[in-house]
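Enquirer: What follows is a structure written as C-alpha coordinates; I'll ask about it next.
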Amino acid sequence: MSIKLGCIADDFTGATDLANNLVRAGMRAVQTIGVPGTPLRGDADAVVVALKTRTLPAEEAVAQSLAALDWLRAQGAEQIYFKYCSTFDSTPQGNIGPVTDALMARLGTDFTIATPAFPDNKRTVFKGYLFAGDVLLNESGMQHHPLTPMTDPNLVRVLSAQTSRKVGLIDYAVVARGSDAIRARIRELASQGIGVAIVDAVSNDDLLALGPALKDMPLVTAGSGVAIGLPANWGLSPADRTRLPRVPGLQAVVAGSCSSATNGQVAAFIESGRPALALDPLRLAAGEDVAGEALAWAEPRLRDGPVLIYSTAQPDQVKQAQGALGAERAGALIEAAIARISVGLVERGVRQLIVAGGETSGAVVQALGLEQIEIGEQIDPGVPWCAGHAPAAGGEVSIALKSGNFGARDFFTKAFRPD
(Lines give C-alpha, C1' and ligand atoms only; values in the text may rest on other atoms or scores of the structure.)
Protein backbone atom coordinates (compact mmCIF):
# COMPACT_ATOMS: atom_id res chain seq x y z
CA MET A 1 0.00 0.00 0.00
CA SER A 2 1.22 3.51 -0.82
CA ILE A 3 0.02 6.57 1.06
CA LYS A 4 -0.10 10.11 -0.28
CA LEU A 5 0.73 12.12 2.83
CA GLY A 6 2.81 10.87 5.74
CA CYS A 7 2.53 13.02 8.87
CA ILE A 8 4.57 13.27 12.06
CA ALA A 9 2.84 15.02 14.98
CA ASP A 10 4.65 16.08 18.14
CA ASP A 11 1.72 15.32 20.43
CA PHE A 12 -1.45 13.25 20.42
CA THR A 13 -4.07 16.01 20.31
CA GLY A 14 -2.13 17.71 17.53
CA ALA A 15 -2.22 14.49 15.57
CA THR A 16 -6.02 14.24 15.71
CA ASP A 17 -6.29 17.96 14.96
CA LEU A 18 -4.28 17.43 11.77
CA ALA A 19 -6.09 14.22 10.80
CA ASN A 20 -9.41 15.99 11.35
CA ASN A 21 -8.55 18.69 8.81
CA LEU A 22 -7.35 16.11 6.30
CA VAL A 23 -10.60 14.13 6.65
CA ARG A 24 -12.69 17.27 6.27
CA ALA A 25 -10.79 18.05 3.07
CA GLY A 26 -11.49 14.61 1.62
CA MET A 27 -8.69 12.28 2.70
CA ARG A 28 -9.12 8.92 4.41
CA ALA A 29 -6.90 9.37 7.46
CA VAL A 30 -5.60 6.98 10.08
CA GLN A 31 -3.68 7.94 13.21
CA THR A 32 -1.15 5.59 14.76
CA ILE A 33 -0.07 5.86 18.38
CA GLY A 34 3.68 5.97 18.12
CA VAL A 35 5.70 4.39 15.34
CA PRO A 36 4.13 1.06 14.36
CA GLY A 37 6.28 -2.04 14.39
CA THR A 38 4.46 -3.48 11.39
CA PRO A 39 3.08 -2.16 8.07
CA LEU A 40 -0.14 -0.19 8.19
CA ARG A 41 -3.37 -2.19 8.32
CA GLY A 42 -6.01 -1.15 5.79
CA ASP A 43 -6.14 1.66 3.26
CA ALA A 44 -5.60 5.35 3.87
CA ASP A 45 -4.70 8.46 1.89
CA ALA A 46 -2.91 9.95 4.89
CA VAL A 47 -1.32 8.46 7.99
CA VAL A 48 -0.54 10.58 11.04
CA VAL A 49 2.06 9.14 13.41
CA ALA A 50 1.31 10.58 16.84
CA LEU A 51 4.40 11.06 18.98
CA LYS A 52 4.81 12.61 22.41
CA THR A 53 7.94 14.63 21.63
CA ARG A 54 7.01 18.26 22.22
CA THR A 55 8.69 18.47 25.61
CA LEU A 56 11.27 15.70 25.33
CA PRO A 57 14.99 16.53 25.20
CA ALA A 58 15.74 17.59 21.63
CA GLU A 59 17.90 14.58 20.80
CA GLU A 60 15.11 12.19 21.83
CA ALA A 61 12.53 14.14 19.85
CA VAL A 62 14.79 14.00 16.79
CA ALA A 63 15.39 10.24 17.12
CA GLN A 64 11.67 9.45 17.42
CA SER A 65 10.76 11.79 14.54
CA LEU A 66 13.35 10.20 12.26
CA ALA A 67 12.02 6.74 13.15
CA ALA A 68 8.53 7.92 12.18
CA LEU A 69 9.89 9.35 8.93
CA ASP A 70 11.62 6.09 8.03
CA TRP A 71 8.43 4.09 8.69
CA LEU A 72 6.29 6.49 6.64
CA ARG A 73 8.71 6.35 3.72
CA ALA A 74 8.62 2.55 3.91
CA GLN A 75 4.83 2.81 3.43
CA GLY A 76 5.44 4.85 0.27
CA ALA A 77 4.52 8.31 1.59
CA GLU A 78 4.82 10.81 -1.26
CA GLN A 79 5.13 13.91 0.97
CA ILE A 80 6.01 14.38 4.65
CA TYR A 81 4.24 16.80 7.02
CA PHE A 82 5.75 17.69 10.41
CA LYS A 83 2.93 18.99 12.58
CA TYR A 84 3.39 21.15 15.70
CA CYS A 85 1.00 23.21 17.80
CA SER A 86 -0.81 26.28 16.47
CA THR A 87 0.75 28.18 19.36
CA PHE A 88 4.24 27.15 18.12
CA ASP A 89 5.07 26.45 21.74
CA SER A 90 8.63 25.36 22.20
CA THR A 91 11.80 26.55 23.91
CA PRO A 92 15.03 28.13 22.61
CA GLN A 93 16.47 24.59 22.51
CA GLY A 94 13.62 23.11 20.46
CA ASN A 95 11.98 20.99 19.53
CA ILE A 96 10.54 22.50 16.35
CA GLY A 97 13.87 23.65 14.93
CA PRO A 98 15.97 20.55 15.68
CA VAL A 99 13.31 18.17 14.35
CA THR A 100 12.87 20.26 11.20
CA ASP A 101 16.64 20.27 10.62
CA ALA A 102 16.86 16.50 11.04
CA LEU A 103 13.91 15.75 8.75
CA MET A 104 15.30 18.07 6.06
CA ALA A 105 18.70 16.39 6.24
CA ARG A 106 17.22 12.87 6.03
CA LEU A 107 15.04 13.88 3.07
CA GLY A 108 17.87 15.70 1.32
CA THR A 109 15.93 18.95 0.95
CA ASP A 110 17.30 22.48 1.48
CA PHE A 111 14.02 24.37 1.86
CA THR A 112 10.70 24.13 3.68
CA ILE A 113 8.03 26.41 5.10
CA ALA A 114 6.79 26.88 8.66
CA THR A 115 3.48 28.32 9.76
CA PRO A 116 1.25 27.45 12.73
CA ALA A 117 -1.65 29.48 11.28
CA PHE A 118 -5.10 27.99 11.90
CA PRO A 119 -7.67 30.78 11.34
CA ASP A 120 -10.63 28.53 12.26
CA ASN A 121 -9.16 28.45 15.78
CA LYS A 122 -8.14 32.12 15.71
CA ARG A 123 -4.42 31.46 15.19
CA THR A 124 -3.12 33.84 12.53
CA VAL A 125 0.32 34.95 11.37
CA PHE A 126 0.86 38.53 10.17
CA LYS A 127 4.27 39.96 9.26
CA GLY A 128 5.76 36.93 10.95
CA TYR A 129 3.99 37.57 14.28
CA LEU A 130 1.67 34.94 15.73
CA PHE A 131 -1.70 36.06 17.06
CA ALA A 132 -4.09 34.09 19.27
CA GLY A 133 -7.45 35.72 18.70
CA ASP A 134 -7.01 39.49 18.78
CA VAL A 135 -3.79 39.53 20.82
CA LEU A 136 -0.20 38.60 20.26
CA LEU A 137 0.74 35.12 21.43
CA ASN A 138 2.69 36.40 24.43
CA GLU A 139 -0.43 38.21 25.69
CA SER A 140 -2.79 35.25 25.21
CA GLY A 141 -2.03 33.26 28.35
CA MET A 142 0.61 31.14 26.62
CA GLN A 143 3.25 33.17 28.45
CA HIS A 144 2.13 31.22 31.54
CA HIS A 145 2.38 27.72 29.98
CA PRO A 146 3.95 25.50 32.67
CA LEU A 147 6.30 23.66 30.28
CA THR A 148 6.73 25.81 27.17
CA PRO A 149 5.99 29.46 28.03
CA MET A 150 5.83 31.65 24.91
CA THR A 151 7.06 35.18 25.56
CA ASP A 152 8.02 36.16 22.00
CA PRO A 153 5.40 36.22 19.19
CA ASN A 154 7.95 36.85 16.40
CA LEU A 155 8.20 33.45 14.70
CA VAL A 156 11.24 34.32 12.59
CA ARG A 157 13.10 35.17 15.79
CA VAL A 158 11.76 32.15 17.73
CA LEU A 159 12.67 29.66 15.01
CA SER A 160 16.05 31.26 14.31
CA ALA A 161 17.07 30.49 17.88
CA GLN A 162 16.38 26.76 17.32
CA THR A 163 17.64 25.96 13.83
CA SER A 164 21.01 25.98 12.11
CA ARG A 165 19.34 27.29 8.94
CA LYS A 166 18.55 30.85 7.94
CA VAL A 167 14.90 31.75 8.49
CA GLY A 168 12.98 34.07 6.16
CA LEU A 169 9.43 35.30 5.66
CA ILE A 170 6.74 34.95 2.99
CA ASP A 171 4.57 37.85 4.02
CA TYR A 172 0.88 38.59 3.61
CA ALA A 173 1.39 40.75 0.50
CA VAL A 174 2.92 37.80 -1.36
CA VAL A 175 0.35 35.31 -0.08
CA ALA A 176 -2.49 37.62 -1.16
CA ARG A 177 -1.26 37.41 -4.77
CA GLY A 178 -1.77 33.64 -4.85
CA SER A 179 0.08 30.41 -5.50
CA ASP A 180 2.27 31.63 -8.35
CA ALA A 181 3.54 34.55 -6.27
CA ILE A 182 4.25 32.19 -3.34
CA ARG A 183 6.23 29.86 -5.62
CA ALA A 184 8.27 32.80 -6.93
CA ARG A 185 9.01 33.96 -3.38
CA ILE A 186 10.09 30.43 -2.42
CA ARG A 187 12.57 30.38 -5.33
CA GLU A 188 13.85 33.82 -4.33
CA LEU A 189 14.39 32.89 -0.69
CA ALA A 190 16.06 29.61 -1.59
CA SER A 191 18.48 31.45 -3.88
CA GLN A 192 19.42 33.65 -0.91
CA GLY A 193 20.34 30.62 1.21
CA ILE A 194 17.16 30.71 3.31
CA GLY A 195 16.30 27.22 4.56
CA VAL A 196 12.96 27.79 6.30
CA ALA A 197 10.33 30.44 5.55
CA ILE A 198 7.64 31.55 7.99
CA VAL A 199 4.41 32.08 6.01
CA ASP A 200 1.77 34.67 6.87
CA ALA A 201 -1.85 33.51 6.86
CA VAL A 202 -4.84 35.38 8.27
CA SER A 203 -7.65 33.43 6.58
CA ASN A 204 -8.44 30.02 5.12
CA ASP A 205 -8.14 31.60 1.67
CA ASP A 206 -4.46 32.21 2.44
CA LEU A 207 -3.98 28.55 3.37
CA LEU A 208 -5.81 27.39 0.25
CA ALA A 209 -3.54 29.60 -1.86
CA LEU A 210 -0.49 28.14 -0.11
CA GLY A 211 -1.50 24.52 -0.73
CA PRO A 212 -0.75 24.30 -4.47
CA ALA A 213 2.61 26.04 -3.95
CA LEU A 214 3.65 23.16 -1.67
CA LYS A 215 2.76 20.36 -4.09
CA ASP A 216 6.34 19.34 -4.90
CA MET A 217 7.89 20.18 -1.52
CA PRO A 218 9.30 17.00 0.12
CA LEU A 219 8.69 18.34 3.63
CA VAL A 220 6.00 20.68 4.94
CA THR A 221 6.15 21.91 8.56
CA ALA A 222 3.08 23.58 10.02
CA GLY A 223 0.23 23.51 12.47
CA SER A 224 -2.86 21.72 11.24
CA GLY A 225 -4.26 24.64 9.23
CA VAL A 226 -2.11 24.08 6.12
CA ALA A 227 -3.69 20.62 5.80
CA ILE A 228 -6.89 22.08 4.34
CA GLY A 229 -5.06 23.05 1.17
CA LEU A 230 -3.11 19.83 0.50
CA PRO A 231 -5.66 17.09 -0.43
CA ALA A 232 -6.61 19.00 -3.59
CA ASN A 233 -3.06 18.40 -4.83
CA TRP A 234 -4.12 14.77 -5.24
CA GLY A 235 -7.52 15.61 -6.73
CA LEU A 236 -9.44 15.08 -3.47
CA SER A 237 -12.22 17.32 -2.12
CA PRO A 238 -14.55 17.52 0.92
CA ALA A 239 -17.12 15.57 -1.09
CA ASP A 240 -14.90 12.48 -0.70
CA ARG A 241 -15.02 12.32 3.10
CA THR A 242 -16.66 9.43 4.98
CA ARG A 243 -18.62 9.32 8.27
CA LEU A 244 -17.57 7.40 11.41
CA PRO A 245 -20.43 6.44 13.78
CA ARG A 246 -19.95 7.03 17.50
CA VAL A 247 -19.65 4.00 19.82
CA PRO A 248 -22.66 3.79 22.20
CA GLY A 249 -22.01 3.72 25.95
CA LEU A 250 -21.39 5.77 29.08
CA GLN A 251 -19.73 9.18 28.83
CA ALA A 252 -16.92 10.97 30.68
CA VAL A 253 -14.41 13.81 30.45
CA VAL A 254 -10.90 13.89 31.91
CA ALA A 255 -8.95 17.14 31.79
CA GLY A 256 -5.28 17.74 32.55
CA SER A 257 -4.76 20.96 30.62
CA CYS A 258 -4.42 24.24 32.52
CA SER A 259 -5.03 26.47 29.50
CA SER A 260 -7.48 29.35 29.70
CA ALA A 261 -9.79 27.59 27.21
CA THR A 262 -9.95 24.39 29.26
CA ASN A 263 -10.43 26.38 32.46
CA GLY A 264 -13.49 27.95 30.82
CA GLN A 265 -14.80 24.57 29.67
CA VAL A 266 -14.45 23.11 33.16
CA ALA A 267 -16.30 26.10 34.61
CA ALA A 268 -19.10 25.78 32.04
CA PHE A 269 -19.54 22.06 32.78
CA ILE A 270 -19.79 22.77 36.52
CA GLU A 271 -22.19 25.69 35.95
CA SER A 272 -24.45 23.35 33.95
CA GLY A 273 -25.00 21.33 37.15
CA ARG A 274 -23.18 18.22 35.98
CA PRO A 275 -20.92 16.27 38.38
CA ALA A 276 -17.25 17.26 38.46
CA LEU A 277 -14.33 16.24 40.70
CA ALA A 278 -11.00 18.04 41.06
CA LEU A 279 -7.72 16.16 41.60
CA ASP A 280 -5.19 17.45 44.13
CA PRO A 281 -1.54 16.97 43.04
CA LEU A 282 -0.31 17.42 46.61
CA ARG A 283 -2.43 14.46 47.75
CA LEU A 284 -1.05 12.45 44.84
CA ALA A 285 2.48 13.33 45.92
CA ALA A 286 1.65 12.16 49.45
CA GLY A 287 0.83 8.70 48.07
CA GLU A 288 -2.91 8.88 48.65
CA ASP A 289 -5.16 6.80 46.38
CA VAL A 290 -6.68 9.77 44.59
CA ALA A 291 -7.36 7.79 41.40
CA GLY A 292 -9.21 5.06 43.29
CA GLU A 293 -11.31 7.65 45.10
CA ALA A 294 -12.14 9.36 41.80
CA LEU A 295 -13.34 6.10 40.25
CA ALA A 296 -15.45 5.29 43.32
CA TRP A 297 -16.96 8.79 43.06
CA ALA A 298 -17.67 8.45 39.32
CA GLU A 299 -19.17 4.95 39.23
CA PRO A 300 -22.66 5.71 40.62
CA ARG A 301 -22.90 8.97 38.67
CA LEU A 302 -22.03 7.67 35.19
CA ARG A 303 -25.48 6.23 34.52
CA ASP A 304 -27.00 9.74 34.75
CA GLY A 305 -24.80 11.32 32.07
CA PRO A 306 -21.24 12.55 31.56
CA VAL A 307 -18.96 13.18 34.53
CA LEU A 308 -15.82 15.34 34.61
CA ILE A 309 -12.60 14.55 36.49
CA TYR A 310 -10.04 17.31 36.20
CA SER A 311 -6.75 18.74 37.41
CA THR A 312 -7.26 21.98 35.50
CA ALA A 313 -6.33 25.02 37.59
CA GLN A 314 -5.62 28.73 37.37
CA PRO A 315 -2.00 29.90 36.76
CA ASP A 316 -1.39 30.84 40.41
CA GLN A 317 -2.58 27.41 41.59
CA VAL A 318 -0.36 25.70 39.01
CA LYS A 319 2.65 27.70 40.22
CA GLN A 320 1.87 26.76 43.80
CA ALA A 321 1.84 23.04 42.97
CA GLN A 322 4.98 23.34 40.86
CA GLY A 323 6.70 25.22 43.65
CA ALA A 324 5.95 22.42 46.06
CA LEU A 325 6.64 19.48 43.74
CA GLY A 326 8.60 20.80 40.76
CA ALA A 327 7.00 21.25 37.32
CA GLU A 328 8.09 17.89 35.94
CA ARG A 329 6.99 15.84 38.94
CA ALA A 330 3.66 17.66 39.25
CA GLY A 331 2.90 17.03 35.57
CA ALA A 332 3.94 13.38 35.73
CA LEU A 333 1.79 12.70 38.81
CA ILE A 334 -1.30 14.20 37.19
CA GLU A 335 -0.74 12.40 33.88
CA ALA A 336 -0.33 9.04 35.59
CA ALA A 337 -3.42 9.55 37.74
CA ILE A 338 -5.63 10.62 34.83
CA ALA A 339 -4.35 7.72 32.72
CA ARG A 340 -5.28 5.25 35.49
CA ILE A 341 -8.65 6.91 35.95
CA SER A 342 -9.35 6.72 32.20
CA VAL A 343 -8.65 2.99 32.13
CA GLY A 344 -10.92 2.54 35.15
CA LEU A 345 -13.71 4.53 33.51
CA VAL A 346 -13.53 2.39 30.37
CA GLU A 347 -13.58 -0.77 32.49
CA ARG A 348 -16.78 0.60 34.06
CA GLY A 349 -18.52 1.01 30.70
CA VAL A 350 -17.43 4.42 29.40
CA ARG A 351 -17.32 4.24 25.61
CA GLN A 352 -17.31 7.97 24.81
CA LEU A 353 -14.33 9.69 26.44
CA ILE A 354 -13.05 13.25 26.04
CA VAL A 355 -9.44 13.94 27.05
CA ALA A 356 -8.29 17.56 27.38
CA GLY A 357 -4.59 18.40 27.13
CA GLY A 358 -1.81 17.25 24.83
CA GLU A 359 0.43 15.59 27.40
CA THR A 360 -2.59 14.15 29.18
CA SER A 361 -3.93 12.70 25.93
CA GLY A 362 -0.64 10.97 25.25
CA ALA A 363 -0.68 9.31 28.66
CA VAL A 364 -4.32 8.25 28.35
CA VAL A 365 -4.04 6.81 24.85
CA GLN A 366 -0.99 4.78 25.81
CA ALA A 367 -2.66 3.52 29.01
CA LEU A 368 -5.74 2.44 27.04
CA GLY A 369 -3.58 0.50 24.60
CA LEU A 370 -4.90 2.30 21.52
CA GLU A 371 -2.50 1.59 18.66
CA GLN A 372 -4.45 2.99 15.72
CA ILE A 373 -7.53 5.22 15.54
CA GLU A 374 -9.87 6.25 12.76
CA ILE A 375 -10.86 9.89 12.46
CA GLY A 376 -14.53 10.86 12.52
CA GLU A 377 -16.69 13.95 12.58
CA GLN A 378 -15.49 17.30 13.92
CA ILE A 379 -16.92 18.56 17.22
CA ASP A 380 -15.20 21.96 17.15
CA PRO A 381 -12.40 23.20 14.87
CA GLY A 382 -9.42 20.92 15.38
CA VAL A 383 -11.19 18.32 17.53
CA PRO A 384 -12.89 15.25 16.02
CA TRP A 385 -14.43 12.17 17.53
CA CYS A 386 -12.18 9.17 16.82
CA ALA A 387 -12.57 5.44 17.30
CA GLY A 388 -10.14 2.67 18.16
CA HIS A 389 -9.83 -0.71 19.86
CA ALA A 390 -9.13 -0.46 23.61
CA PRO A 391 -8.21 -3.70 25.40
CA ALA A 392 -9.77 -2.38 28.63
CA ALA A 393 -13.09 -2.09 26.79
CA GLY A 394 -12.80 -5.40 25.03
CA GLY A 395 -13.73 -3.54 21.85
CA GLU A 396 -14.12 -0.10 20.31
CA VAL A 397 -14.26 3.22 22.13
CA SER A 398 -14.96 6.70 20.82
CA ILE A 399 -12.38 9.19 22.04
CA ALA A 400 -11.84 12.91 21.50
CA LEU A 401 -8.33 14.22 22.16
CA LYS A 402 -8.63 17.96 22.72
CA SER A 403 -5.71 20.36 22.70
CA GLY A 404 -5.90 22.48 25.83
CA ASN A 405 -6.39 25.67 23.83
CA PHE A 406 -9.12 24.35 21.53
CA GLY A 407 -12.89 24.18 21.74
CA ALA A 408 -15.77 26.49 22.61
CA ARG A 409 -16.70 27.13 26.24
CA ASP A 410 -19.53 24.55 26.06
CA PHE A 411 -17.33 21.91 24.39
CA PHE A 412 -17.62 19.34 27.21
CA THR A 413 -21.40 19.31 27.00
CA LYS A 414 -22.14 19.74 23.29
CA ALA A 415 -19.65 17.00 22.34
CA PHE A 416 -22.01 14.35 23.69
CA ARG A 417 -25.09 15.49 21.79
CA PRO A 418 -26.52 12.77 19.51
CA ASP A 419 -24.90 12.35 16.08
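Enquirer: Describe numerically, in nm with one decimal, the distance between label points set 7 Å from Cα along Cα→Cβ at H389 and at N154.
Expert: 5.2
Enquirer: To the nearest Å, what is the center-to-center distance of the range 133-151 and the range 1-80, using C-alpha atoms only?
Expert: Taking the Cα centre of the range 1-80 as reference, the centre of the range 133-151 is 27 Å away.
Enquirer: Would you count, across the chain, every pair of lysines whose alpha carbons are under 25 angstrom apart, provided the pair is eight or more residues apart or spans two chains?
Expert: So the count of such lysine pairs works out to 19.
Enquirer: Same structure again: Could you give the length gained by full extension between R417 and K166, i.e. 0.36 nm per residue of separation minus their alpha carbon distance, to one decimal place?
Expert: Here the answer is 85.5 nm.
Enquirer: Now for a separate question. Among P381, P281, P248, which one moves the most in a GNM of the chain with springs linking Cα atoms closer than 10 Å?
Expert: P248
Enquirer: Still on this structure, I have one more. Identify, among H144, T163, M27, the residue whose Cα sits farthest towards the positive end of the charge dipole of the range 3-234, taking +1 on the Cβ of Lys and Arg and -1 on the Cβ of Asp and Glu, with the dipole about the Cα centre.
Expert: So the residue furthest toward the plus end is M27.
Enquirer: Please list D171, D45 in order of solvent-accessible area, largest first, computed with a 1.4 Å probe with all protein chains present.
Expert: Solvent-accessible surface, decreasing: D171, D45.
Enquirer: Place +1 on the Cβ of every Lys and Arg and -1 on the Cβ of every Asp and Glu in the chain, take the dipole about the Cα centre, and give the residue among A332, T53, V199 whose Cα lies farthest towards its positive end.
Expert: About the Cα centre, the residue reaching furthest to the positive side is V199.
Enquirer: While we're looking at this one, here's another question. Give me Rg over Rh for the range 250-415, both radii from the alpha carbons and Rh done the Kirkwood way, two decimal places.
Expert: Values: Rg = 14.7 Å, Rh = 15.7 Å.
Over the Cα atoms of the range 250-415, Rg/Rh equals 0.94.
Enquirer: Kindly report, to the nearest 10 Å², the accessible surface of E359 as traced by a 1.4 Å probe over protein heavy atoms only.
Expert: Accessible area of E359: about 40 Å².
Enquirer: Given +1 on the Cβ of Lys and Arg, -1 on the Cβ of Asp and Glu, and no further charges, what dipole in debye does the range 213-289 carry about its Cα centre, rounded to the nearest 20?
Expert: Its charge dipole is roughly 340 debye.
Enquirer: Something else now. Kirkwood Rh over alpha-carbon pairs of the range 3-234, then Stokes-Einstein at 25 °C and 0.890 mPa s: what D in µm² s⁻¹, rounded to an integer?
Expert: Taking Rh from Cα pairs, D becomes 142 µm²/s.
Enquirer: Considering only protein heavy atoms and a probe of 1.4 Å, how much of the accessible area of the range 3-234 is carbon and sulfur, as a whole percent? Before the final figure, lay out each step's value.
Expert: Details: 4030 of 8010 Å².
C and S fraction of accessible area: 50 percent.
Enquirer: For the range 250-415, give the magnitude of the charge dipole about the Cα centre (Cβ charges: +1 Lys/Arg, -1 Asp/Glu; no others), in debye to the nearest 20.
Expert: 220
Enquirer: In debye, nearest 20: dipole of the chain around its Cα centre with unit charges on the Cβ of K, R (+) and D, E (-)?
Expert: Charge dipole, the chain, about its Cα centre: 440 debye, nearest 20.
Enquirer: Could I ask something else about it? Along its three principal axes, how long is the range 75-211 when you only count alpha carbons? Whole Å, largest extent first please.
Expert: Principal extents (Cα only, largest first): 37, 33, 32 Å.
Enquirer: In addition: What accessible area per residue, rounded to a whole number of Å², is obtained for the range 3-234 using a probe radius of 1.4 Å? Present the calculation step by step, with values, prior to reporting the outcome.
Expert: Details: 8010 Å² over 232 residues.
The answer is 35 Å² per residue.
Enquirer: May I pose another question? Can you quote the Å³ per residue value for the convex hull of the Cα atoms in the range 1-59, rounded to an integer?
Expert: On the way: hull volume 5.0 nm³, N = 59.
Residue-normalised Cα hull volume stands at 84 Å³.
Enquirer: Still on this model: I'd like the distance separating the alpha-carbon centroids of the range 183-245 and the range 326-391, in whole Å.
Expert: The two parts, judged by their Cα centres, are 30 Å apart.
Enquirer: Compute the Rg to Rh ratio over the range 356-401 from the alpha carbon atoms, using the Kirkwood formula for Rh, and round to two decimal places.
Expert: That ratio is 0.96, to two decimals.
Enquirer: Moving on to the next point. Picking from P391, P300, S403, whose Cα lies most toward the positive end of the charge dipole for the range 250-415 (charges on Cβ: Lys, Arg +1; Asp, Glu -1)?
Expert: P300
Enquirer: With the convex hull built on the Cα atoms of the range 338-417, state its orientation-averaged projected area in nm².
Expert: The orientation-averaged projected area of the Cα hull of the range 338-417 comes to 4.8 nm².
Enquirer: Something else about it: Considering the convex hull of the alpha carbon atoms of the range 256-298, report its projected area averaged over all viewing directions, in nm², one decimal.
Expert: Approximately 3.4 nm², given one-decimal rounding.
Enquirer: Under 5 Å between amide H atoms, partner at least 5 residues away or on a different chain: which partners does A400 have, H built in plane at 1.01 Å?
Expert: L353, I354, V355, C386
Enquirer: Let me ask another. What order do you get for 266-277, 71-82 when each peptide is scored by the mean count of other beta carbon atoms within 10 Å, highest first?
Expert: 71-82, 266-277
Enquirer: Between F82 and residues 5 or more places away or on another chain, which pairs have amide H atoms under 5 Å apart, with H built 1.01 Å from N, and which residues are they?
Expert: I8, V220, T221, A222
Enquirer: To continue, here is another question. Above 40 Å lies some portion of the pair distances; for the chain, what is it as a whole percent of all C-alpha pairs?
Expert: On the way: 11048 of 87571 pairs.
Beyond 40 Å sits 13 percent of the P(r) for the chain.
Enquirer: Residue by residue, what Karplus-based ³J(HN,Hα) values in Hz, rounded to whole numbers, does the range 192-203 have, using 6.51, -1.76 and 1.60 with θ = phi - 60° and x for Gly and Pro?
Expert: Taking θ as phi minus 60°, the curve returns 8, x, 6, x, 9, 10, 5, 10, 5, 7, 10, 8 Hz for the range 192-203.
Enquirer: At a probe size of 1.4 Å, how large is the accessible area of R301, to the nearest 10 Å²?
Expert: 90
Enquirer: W234 to R73: extension gain in nm, 0.36 nm per residue of separation minus the Cα-Cα distance?
Expert: Numbers: separation 161, 0.36 × 161 = 57.96 nm, distance 1.78 nm.
In short, 56.2 nm is gained.
The values are calculated or read from the model by the stated rules, or taken from the named source; none is laboratory data. What you see is a predicted model, and the numbers here were worked out from it, not measured in a lab. All Cβ positions, even for glycine, are placed from backbone atoms using ideal geometry, and neighbour counts span all protein chains on display. Surface areas here come from the heavy atoms of the whole protein model, side chains and all, with no ligands, DNA or RNA. Shrake-Rupley method; radii C 1.70, N 1.55, O 1.52, S 1.80 Å.
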